[in-house]
Amino acid sequence: MKNPLFGLGGVILLVLVLVLSRQALFRVNETEQVIITQFGEYKRTVRDPGLATKLPFVQTINRFDRRILSSDAPKAEYLTQDKKRLVADPVTRWRIADPLQFFKTVRDESGARARLDDLVFSELRREVASHSFDIVIGTKRETIMDNVAKTAREKAREFGIEVVDVRIKRADLPQEVQTSVFQRMQAEREREAKRYRSEGDEESAKLKAETDKQRTILLAEAQQAAERLRGEGDGAATRTYAEAYGQDPEFYAFVRSLQAYEQFLGKRSTLLLPADADLFRYLGSPRPGGAGAALADDRR
């Protein structure tokens, strides 16, 4: 028969082994590093991932992230060299380079972020104060932030922190200044628009004046050419009439009368003329020896 005390002792021993193993063994992840302290006094640092040991109950493990962390500082106002206010919100990327020094100075990540925010704010304020507003928000913004990161990196070493980079997410004017700046920009754009419209109207007036000038010249030349051709035509017609009249005046008068008849007869026109009007002399009885008589003889 088995001794019950021996069975109870085995269970107690097993429980003690389990408790001691849980106290003596711990696991280190790839993303962390561990400092072991004994009653608050530093003993050693464990950086290799895997299982590690410590003295149970008397030693404590303190875990720290070994990845790159970020600190997003709140917005703050900075004064530039030309006395203009600038609102910026810097963001800092950093890592724990010396966990022992980190543990001694800032203890944890929240304390590190508070120290870094103060440090970056101080360095950024100094850099911004040494440059004008246009330079800070312009092409040299990257250079300014590199200088801030370099200085902050040197000062953060005393906290066991390595500053990787410092950047500004957004740089802007204070809210009360933005309205006046936008109004000034709008007024400037309106002045530019008026200037462009004025220049356009001036150029349009010049083009219209030149076009009217060319039109007047072309019309005058055309009118001159038309008058010249009309004069030449009238001269030729006069010469033709003169030649015809010189050859047979009576026949010439007869032909011209017929042309006149064509113009007004047969158009439902009403003329009130005496019967012996000279216009109708060829519509009556033909005169002996005249063109009418000749025409009557021909008809016979």
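Quick note: the coordinates plus some simple rules give every number you see, no bench work behind them. The shown structure was predicted, so the numbers you read here are calculated from the model rather than taken from an experiment. Counting neighbours? That spans all protein chains shown, and the Cβs are built from the backbone with ideal geometry, glycine included.
Can I get the semi-axes of the stretch 17-65's equivalent ellipsoid? Compute them from the C-alpha gyration tensor as square roots of 5 times the eigenvalues, in angstrom, largest first.
17, 14, 7
Rounded if a/c is under 1.5, else prolate if a/b is larger than b/c, else oblate: which is the stretch 73-179, with a ≥ b ≥ c the root eigenvalues of its Cα gyration tensor?
Judged from the Cα gyration tensor, the stretch 73-179 comes out prolate (a/c at least 1.5, a/b above b/c).
Give, rounded to the nearest 20 debye, the magnitude of the charge dipole that the stretch 17-65 has about its Cα centre when Lys and Arg contribute +1 at Cβ and Asp and Glu contribute -1 at Cβ.
With only Lys, Arg, Asp and Glu charged at Cβ, the dipole is about 180 debye.
Which loop-located chymotrypsin sites (Phe, Trp or Tyr not before Pro) does the stretch 21-99 contain, where loop means any DSSP state but H, G, I, E or B and the Cβ has at most 11 other Cβ atoms within 10 Å?
Passing sites in the stretch 21-99 are 39, 57.
If the reach is capped at under 30 angstrom between alpha carbons, list the lysines near residue 54, excluding any in the same chain fewer than eight residues apart.
Residue 54 reaches 43, 104.
Can you work out the Karplus-derived ³J(HN,Hα) for every residue in the stretch 79-91? Use 6.51 cos²θ - 1.76 cosθ + 1.60 with θ = phi - 60°, whole Hz, and x for glycine or proline.
Residue by residue, the stretch 79-91 yields 10, 7, 5, 8, 6, 10, 7, 9, 9, 9, 10, x, 10 Hz.
Each residue of the stretch 59-67 in order: what ³J(HN,Hα) in whole Hz does its phi give by Karplus 6.51 cos²θ - 1.76 cosθ + 1.60, θ = phi - 60°, with x for Gly and Pro?
10, 10, 9, 10, 9, 9, 6, 9, 7
To make sure I understand the rule: partners must be lysines, Cα under 21 Å from the Cα of residue 206, and not fewer than 8 residues away in the same chain. Which ones qualify?
Partners found: 194.
Could you go through the stretch 100-108 in sequence order and give the Karplus-derived ³J(HN,Hα) for each residue, using 6.51 cos²θ - 1.76 cosθ + 1.60 with θ = phi - 60°, rounded to whole Hz, and x for Gly and Pro?
5, 5, 4, 5, 6, 9, 10, 6, 8
Using modelled backbone amide H atoms (1.01 Å from N, in-plane), which distant-in-sequence or interchain residues come within less than 5 Å of residue 132's amide H?
Those qualifying (amide H under 5 Å, at least 5 residues apart or on another chain) are 81.
How do 145, 185 rank when sorted from fewest to most other Cβ atoms within 10 Å of their own Cβ?
Lowest to highest Cβ neighbour count: 185, 145.
Once amide H atoms are built 1.01 Å from N in the peptide plane, which residues 5 or more positions from residue 66, or in another chain, come under 5 Å H to H?
The answer is 32, 33.
Check residue 87: other-chain or 5+ apart residues with amide H under 5 Å from its amide H, H built from backbone geometry?
78, 172, 173
Among 110, 57, 69, whose Cα sits farthest toward the positive end of the charge dipole of the stretch 53-111 (+1 at Cβ of Lys/Arg, -1 at Cβ of Asp/Glu, about the Cα centre)?
The Cα lying farthest towards the positive end belongs to 57.
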